[in-house]
Amino acid sequence: MKYDDQNIFAKILKGEIPCKKIYEDEFILSFYDINPQKKIHALVIPKGKYIDLDDFSQNASNNEIVGLIKGINTVAKKLGISVDVGKGYRALANIGEHGGQEVPHLHFHLFGGEKIGKMVQ
Ligand code: AMP
């Protein structure tokens with residue numbers, strides 16, 4: 001599968017459509033989910049063109065991989081939900097059809113601000 005340059009997160013990265021930005025650096029962009037499922041629902045995406053976590057794991061550079069993982073912690077801290085400054089959260093990535101992925105640009109959901117509940121319903 002080829003990366004679709006017209007997906008909604010690609011458009012956000014290009015500045016073609018707006019987002020409620022939380023944090024940005026060389027490797028990642030983070031913004032609030034447009035349809036929040038929990039009190040806090042943020043998204044963290046790599047700036048590189050990766051369809052999903054498998055694509056990212058296989059094709060991203062080590063710097064990009066470290067940048068994304070550390071970026072998740074930076075965003076969680078900024079939102080006050082990381083375990084050192086808050087009460088924890090859930091990080092979740094949907095991958096492909098069975099994973100229920102809708103937007104074909106890798107993204108982690110960060111859910112927090114309240115108890116998140118069952119892992120899979
Ligand atoms: P997934 O099912 O893991 O691909 O999740 C895609 C997520 O993107 C959903 O939670 C949507 O609510 C969210 N979403 C779609 N369009 C936007 C947008 N323009 N800005 C922020 N979040 C969005």
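Taking label positions 7 Å along the Cα-Cβ direction at both GLU26 and VAL66, the computed distance is 1.0 nm, reported to one decimal.
In plain terms, the C-alpha convex hull of the chain casts an average shadow of 7.6 nm² when viewed from every direction. So which residue, out of GLY86, GLY71, GLY99, gets the largest mean-square fluctuation from a GNM of the chain using Cα contacts under 10 Å as springs? Judging by the Gaussian network model, the answer is GLY99. The mean accessible area for residues of the chain, using a 1.4 Å probe and ignoring ligands and nucleic acids, is 63 Å² per residue.
Taking every DSSP bridge with both residues inside the chain, close to 100 percent are antiparallel.
The alpha-carbon of LYS115 sits under 21 angstrom from the alpha-carbons of these lysines, leaving out residues fewer than 8 places away in its chain: LYS38, LYS39, LYS77, LYS78, LYS87.
The values are calculated or read from the model by the stated rules, or taken from the named source; none is laboratory data. This is a predicted model, so every value here is computed, not measured. Methodologically, a virtual Cβ is constructed for each residue, glycine included, from the backbone with ideal geometry; neighbour enumeration extends over all protein chains shown. Remember, those area values only see protein heavy atoms, side chains included, never the ligands or the DNA or RNA. Shrake-Rupley method; radii C 1.70, N 1.55, O 1.52, S 1.80 Å.
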